[in-house]
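**Student:** Below is the structure I would like to discuss, written out as structure tokens.
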Amino acid sequence: MFSRQIYQDANLEIRFPNELEAPLHFDAIRTSIPEIGIWESWCSENYCLEDSRQYLIDSYVKRQRGQEYRFCLFERDSGKIVGSVAINRIVPEYKTANIGYWIRSDSTGRSLAVIAVKAIARFAFDELGMTRLEIVAMSGNLRSCRVAEKSGAVAEGLHRNRLYLRGQPRNAWVYSLIPGDLPQ
């Protein structure tokens, strides 16, 4: 069994969310549609509370199956969700996975994504036994690239047609993290 929480300081807690927190999750996404929607096709004006509820239920199911591990970043004072970070695209036989993240628009610029990436990487290396993690940032998403760099990830290059957005292939920067990249 994994710990529910992977990070905590005076201001922030990163932990598994539950279905009852769907309104908080929905609020974070609705606040951020213009910024996140540029890079993520799921984040649109059509996103609704039921989508958040289903996402959180799906998160629990996938975690129980060892398929994905999705966490939310909670502000400790207000209790609001300020972002999300996940380990997905897990390939157990190669001990590799992907890291995905987003921060709500009114909470950017506080290094929250860097904190989240480092916390989830430690979780993946220490609790899941992963040996390589990738961060794939769409070409032009300079903020996401900067998060990867500040987290200690190594840029491996621009990969052609690595991602799809709204049915169109897009180039993406691929970064990797291995256990030695994180400070102890």
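**Student:** Taking Cα centroids, how far is the stretch 33-96 from the stretch 113-177 in Å?
**Tutor:** 15
**Student:** Once you have the Cα-Cα distance between ARG122 and GLU156, take 0.36 nm times their residue separation minus that, and quote the gain in nm to one decimal.
**Tutor:** Details: separation 34, 0.36 × 34 = 12.24 nm, distance 2.06 nm.
That works out to 10.2 nm of additional length.
**Student:** Among the trypsin sites (Lys or Arg not before Pro) in the stretch 143-184, which ones are in a DSSP loop with at most 15 other Cβ atoms within 10 Å of the Cβ? Mind listing them?
**Tutor:** Numbers: sites: ARG143, ARG146, LYS150, ARG160, ARG162, ARG166, ARG170; in loops: ARG166.
Those satisfying the criteria are ARG166.
**Student:** Let me ask something else. What does the accessible area of TRP42 come to, in Å² to the nearest 10, when a probe of 1.4 Å is used?
**Tutor:** Rounded to the nearest 10, the figure is 100 Å².
**Student:** If you don't mind, there's one more thing I want to ask. Test of understanding: express the Cα radius of gyration of the stretch 1-43 as a ratio to 2.2 N^0.38 Å, with N the residue count. Mind dumping the intermediate values first?
**Tutor:** Details: Rg = 13.2 Å, N = 43, 2.2 N^0.38 = 9.2 Å.
For the stretch 1-43, the normalised Cα radius of gyration is 1.44.
**Student:** Ok, one more. In whole Å, what are the extents of the stretch 128-173 along the principal axes defined by its C-alpha atoms, from largest to smallest?
**Tutor:** Largest to smallest, the principal-axis extents are 33, 22, 16 Å.
**Student:** Give me a comma-separated list of calculated 3J(HN,Hα) values for the stretch 169-177, in order, Karplus coefficients 6.51, -1.76, 1.60 applied at θ = phi - 60°, integers in Hz, x for any Gly or Pro.
**Tutor:** Taking θ as phi minus 60°, the curve returns x, 9, 6, 8, 7, 10, 10, 10, 10 Hz for the stretch 169-177.
**Student:** Quick one: pull the percent of accessible area on the chain belonging to carbon and sulfur, 1.4 Å probe, ligands and nucleic acids left out. Write out the running numbers ahead of the final one.
**Tutor:** Working: 4750 of 9580 Å².
Here carbon and sulfur together make up 50 percent of the probe-accessible area.
**Student:** Radius of gyration and Dmax for the stretch 85-145's Cα atoms, expressed in Å?
**Tutor:** Taking only Cα atoms of the stretch 85-145, I get Rg and Dmax of 12.3, 39 Å.
**Student:** Still on this structure, please answer the following. Out of all DSSP beta bridges in the chain, what portion is antiparallel? Express it as a percent rounded to 5. Could you put the intermediate results ahead of the total?
**Tutor:** On the way: 34 of 37 bridges.
That works out to approximately 90 percent antiparallel.
**Student:** Follow-up. Over the residues of the stretch 1-89, compute the C-alpha Rg and express it relative to 2.2 N^0.38 Å.
**Tutor:** Working: Rg = 12.9 Å, N = 89, 2.2 N^0.38 = 12.1 Å.
Scaled against compact globular proteins, the figure is 1.07.
**Student:** Under 29 Å Cα-Cα from LYS95, which lysines qualify once same-chain neighbours fewer than 8 residues away are excluded?
**Tutor:** Leaving aside lysines fewer than 8 places away in the same chain, those within reach of LYS95 are LYS62, LYS118, LYS150.
**Student:** Report the trypsin sites (Lys or Arg not before Pro) located in the stretch 1-42 that are in a DSSP loop and have at most 16 other Cβ atoms inside 10 Å of their Cβ, or state none.
**Tutor:** ARG4
**Student:** Report the far tail of the P(r) of the chain, meaning the percent of Cα-Cα pairs longer than 29 Å.
**Tutor:** On the way: 2609 of 16836 pairs.
Within the chain, distances greater than 29 Å cover 15 percent of Cα pairs.
**Student:** Within the stretch 1-33, list the chymotrypsin sites (Phe, Trp or Tyr not before Pro) lying in a DSSP loop whose Cβ has at most 12 other Cβ atoms in a 10 Å radius.
**Tutor:** Working: sites: PHE2, TYR7, PHE26; in loops: PHE2.
Sites meeting the loop and neighbour criteria: PHE2.
The values are calculated or read from the model by the stated rules, or taken from the named source; none is laboratory data. The shown structure was predicted, so the numbers you read here are calculated from the model rather than taken from an experiment. No Cβ is skipped: glycine too gets one built from the backbone with ideal geometry, and neighbour counts run over all protein chains shown. In case anyone asks, the SASA skips ligands and DNA or RNA and just uses the protein heavy atoms, side chains included. Shrake-Rupley method; radii C 1.70, N 1.55, O 1.52, S 1.80 Å.
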